[in-house]
Amino acid sequence: MSDPSGTTWDVIVAGGGNAGLCAAIEAAERGASVLILDVAPKAYRGGNSRHTRNFRCMHQGPLSVLTDSYDEDEYFDDLLRVTKGKTDEDLARMTIRMSEECLPWMEAHGVRFQPSLSGTLSLSRTNAFFLGGGKALVNAYYNTAEDLGVSVIYEANVTHIDIAEGRFSGLDVEIGGQTKRIKGKTLVLASGGFQANIDWLAEAWGPAARNFLIRGTPYNRGRVLRDMLDQGADSVGDPTQCHAVAIDGRAATFDAGIVTRLDCVPFSVVVNKNGERFYDEGEDVWPKRYAIWGRLVAGQPEQVGFAVIDSQAINDFMPSVFPPETADTIEGLAQKLGLPGNALKETIDAYNAACRPGTFEPNDLDGLSTEGLDPPKTNWARPITEPPYYGYMLKTGVTFTYLGLKVDRTSRVSTAAGKLENVWAAGEIMAGSILGEGYLAGFGMTIGTVFGRIAGQEAAAHVA
Ligand SMILES: Cc1cc2nc3c(=O)[nH]c(=O)nc-3n(C[C@H](O)[C@H](O)[C@H](O)COP(=O)(O)OP(=O)(O)OC[C@H]3O[C@@H](n4cnc5c(N)ncnc54)[C@H](O)[C@@H]3O)c2cc1C
């Protein structure tokens with residue numbers, strides 16, 4: 001394309017993941033000239049969105065692949081439970097209500113859905129799964145955007161937003177080793193969280209953050225977020241809050257995606273590097289607990305945990321990409337996992353002795369609880385006695401951070417001096433406006449789609 005700095009764009013979108021693409025499509029459909037700038041190379045376009053699988057959607061009756069109904073109150077109750085009330089009810093309810101019209105909009109813009117697969121956290125009623133995953137969704141949106149005349153520049157690192165007297169006028173972006181200034185009438189910020197910036201994570205978490213793995217893109221480094229915060233943008237969220245799950249400790253530092261998540265925890269005994277248990281593995285069904293285990297492991301020495309199961313449990317969960325370590329004795333398994341053998345044996349023996357007779361039901365809370373064990377295991381407590389034994393190393397896998405820009409119902413960004421006239425934010429960069437803590441599977445894409453669409457509509461209306 002010709003030099004982007006020679007034009008004053010109607011709408012500039014910083015970040016070409018789900019939220020940025022939804023904004024770009026909405027704005028282009030309203031006749032705006034739109035430029036997407038993304039720091040990633042084309043092959044890695046789509047940020048964290050390309051790793052996703054599903055979208056959580058309210059619906060008052062069967063809708064596309066979604067069965068039955070899932071109404072506003074039930075959805076909001078689910079959100080309240082996971083966030084422990086740390087949400088903005090008005091924004092949350094608006095997001096939930098708008099999710100229903102988003103699903104047909106997504107289909108009309110190229111996204112295809114499929115019924116949920118068995119073993120995918122039992123979500124067939126609440127979450128619509130993307131056929132081909134997030135990568136197919138992102139590719140469909142890029143195709144739609146290109147058909148609408150949206151321009152895209154990859155490997156374009158937005159470094160500074162020019163804001164004066166409450167207005168945006170242009171930004172600095174590094175392209176091909178040079179810093180260019182690009183002018184725009186409006187700006188949509190959709191550049192994700194800062195989870196791939198380990199130094200920033202370490203400011204909040206201390207040295208523990210150096211042992212974290214980042215499940216998604218290495219490009220969400222928070223450059224734009226930091227620049228906006230430095231310029232006094234209103235922020236929301238606590239820098240230590242994030243979505244973090246327990247993933248296979250052998251995963252790559254970035255971009256390992258969904259295949260390294262370990263769903264064996266409820267059927268296992270989890271110990272730290274000293275061979276000691278530290279939390280109730282069977283507290284609740286896995287969809288309601290998987291998102292707390294990243295933080296739990298982060299609180300252990302060297303930020304590692306080890307899940308141990310026996311042959312009875314090996315087929316009770318969706319397998320992850322790496323095979324487990326295996327041995328015929330607990331001591332042998334401890335050696336392979338690098339754990340103290342005596343300590344692990346003592347822990348497993350004490351656990352086995354605390355198990356009580358009952359019926360094991362992998363898909364329900366079966367009440368099969370330990371007795372006299374601290375911490376207890378309150379469901380699926382079946383003795384680990386049938387070799388071969390299997391073990392997985394667990395590490396904290398950060399999905400995305402919650403410290404972000406505070407927005408209103410129109411997705412508008414503000415500072416202490418008031419609302420910025422022509423800057424909106426969507427997706428992970430503002431998700432903390434709704435997610436104070438905790439996470440509801442599929443809600444990241446809901447937030448990005450709802451606020452991306454609003455931001456694109458608002459920006460185009462402002463230009464008009
Ligand atoms: C493994 C994994 C699985 C997930 N599964 C699901 C799921 O099934 N359902 C769900 O709802 N959520 C899921 N999520 C969360 C979901 O990915 C996010 O909530 C959502 O994709 C955020 O969209 P976004 O557009 O805000 O960010 P992104 O999709 O990450 O896009 C941000 C873009 O900004 C670009 N960028 C960053 N900095 C700059 C800069 N300085 N200049 C220019 N560009 C920049 C990045 O390259 C990136 O392309 C998952 C996340 C991961 C990591």
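The values are calculated or read from the model by the stated rules, or taken from the named source; none is laboratory data. Predicted model, so just to flag it, every value in this text is computed and none were measured. Cβ: placed from backbone, ideal geometry, glycine included. Neighbour counts: every protein chain shown. SASA here: full protein model, heavy atoms, side chains in, ligands and nucleic acids out. Shrake-Rupley method; radii C 1.70, N 1.55, O 1.52, S 1.80 Å.
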**Asked** Once both axes come from the Cα atoms, what is the angle between helix 443-463 and the longest principal axis of the chain, in degrees from 0 to 90, rounded to 10?
**Response** 10 degrees
**Prompt:** What is the spin-label model distance, in nm, from Leu229 to Ala136 if the labels are put 7 Å beyond Cα along the C-beta direction?
**Reply:** 3.7 nm
**Prompt:** For region 266-330 and region 379-427, what is the separation of their Cα centres, given in Å?
**Reply:** 21 Å
**Rounded to the nearest 10 Å², the accessible area of Phe76 at probe 1.4 Å** = 10 Å²
**Fill in**
Expected sort for 271-281, 359-369, 436-446 on mean C-beta neighbours within 10 Å, highest first, is 436-446, 271-281, 359-369
**Message:** Given points 7 Å out from each Cα along the Cα-Cβ axis, report the Glu72 to Lys42 separation in nanometres with one decimal.
**Reply:** 4.4 nm
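Using per-residue counts of other Cβ atoms within 10 Å, averaged over each peptide, order 177-187, 17-27 from highest down.
With the highest mean Cβ count within 10 Å placed first, the list reads 17-27, 177-187.
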**Whole-number accessible area per residue in Å² for region 383-464, which is evaluated in the context of all protein chains at 1.4 Å** = 26 Å²
**Complete:** Descending packing, highest mean Cβ count within 10 Å first, for 393-402, 149-158, 39-48 is 393-402, 39-48, 149-158
**Item:** Helix-only [θ]222 nm of the chain, DSSP H runs n ≥ 4, -39500 (n - 2.57) each, per residue, nearest 500
**Value:** -8500 deg cm²/dmol
